[in-house]
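Below is one structure; the comments refer to it alone.
Just so it is clear, none of the values below were taken in a lab; they were calculated from the coordinates. Every value quoted in this text rests on a predicted model; they were computed, and no experiment measured them. Cβ coordinates were reconstructed from backbone atoms using ideal geometry, including for glycine residues, and neighbour counts include every protein chain displayed.
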Amino acid sequence: MVKKRTGYLVGTNGEVDHIRFLAESDSFKLSYANINDQQFYANDASPTEKTKFGNKNYYQMIVSPLSYLTFAFKFNVSNDSWFAGTDSTVYLKISGTNGVSNEMCLDTNYYDDFCENDHDTYTVVTKDIGDPLTFSILVDGSDDLLLDNIELNGKKFVFDGKWLNDDDGYFEIRINQGDASDFNVNSGSTFSNMNAVYITIGAVVIIVVAVAVVLIVRKKNKKMPNEK
């Protein structure tokens, strides 16, 4: 959820050194601010220092310019089940060689996120975590989520029937999975667990049919000498 707020710029010689950000509540979280194409990343922090401005009391924090990274995740919700979507809150974290991002809530204003057969892209901004290594998904609530896949940097991370729920905690996925364009996050390989299940079921069906045919033939052969 993105909201626009107004802060106060503090700087010298036309250069912005930092932002003095005021809010009426200490529960408000600031992700980042754009000033003249410069990014001031607040790391989803909340203003905690009490101050007075004019005749009103505020909470304030100082936001300085920091380097940042942008990631675009496309979440493709399955349509294999009427219950594939979720009303639970979905969070994302990304870890890299320089650290871990804050927990980011994937929520769009005036939109029902993560419904069955949704294909939505969420662009998130983080502090400079270095080269990304993993990303983690948390479904916070009792309503499970069934994804077909998540797309990032031209690669699909396939869930192959894996339901995400609150019991998993943060479900971690490695970003660097070799050269494969599709990677199965459930089985740990590009070969689908469900494919193995289908093959097993098919083999069992073939065996059952074969046994049934043999029994029918034997039964028919036993009756044949008595038939006139």
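Beta carbons within 10 angstrom, averaged per residue: use that to sort the peptides 139-150, 96-107, highest first. Numbers along the way, then the final one.
Details: 139-150: 18.8, 96-107: 15.6.
Descending packing order for the listed peptides: 139-150, 96-107.
Here is the link list: LYS52/LYS127; LYS29/LYS155; LYS50/LYS93; LYS29/LYS127; LYS56/LYS127; LYS127/LYS155. Which ones come out longer than 20 Å on Cα distance?
Those over the limit are LYS52/LYS127; LYS29/LYS155; LYS50/LYS93; LYS56/LYS127; LYS127/LYS155.
Need the full-extension length gain, ASP182 to VAL205, defined as separation in residues times 0.36 nm minus the C-alpha distance. One decimal, nm. Don't skip to the answer; put the middle values down first.
Values: separation 23, 0.36 × 23 = 8.28 nm, distance 2.96 nm.
Full-extension gain reported as 5.3 nm.
Given points 7 Å out from each Cα along the Cα-Cβ axis, report the SER81 to ASP107 separation in nanometres with one decimal.
According to this spin-label approximation, the distance is 2.4 nm.
Report the local net charge at THR134: Lys and Arg +1, Asp and Glu -1, summed over other residues whose C-beta lies under 12 Å from its C-beta.
Values: positive: LYS93, ARG174; negative: ASP131, GLU172.
For residues surrounding THR134, the net value is 0.
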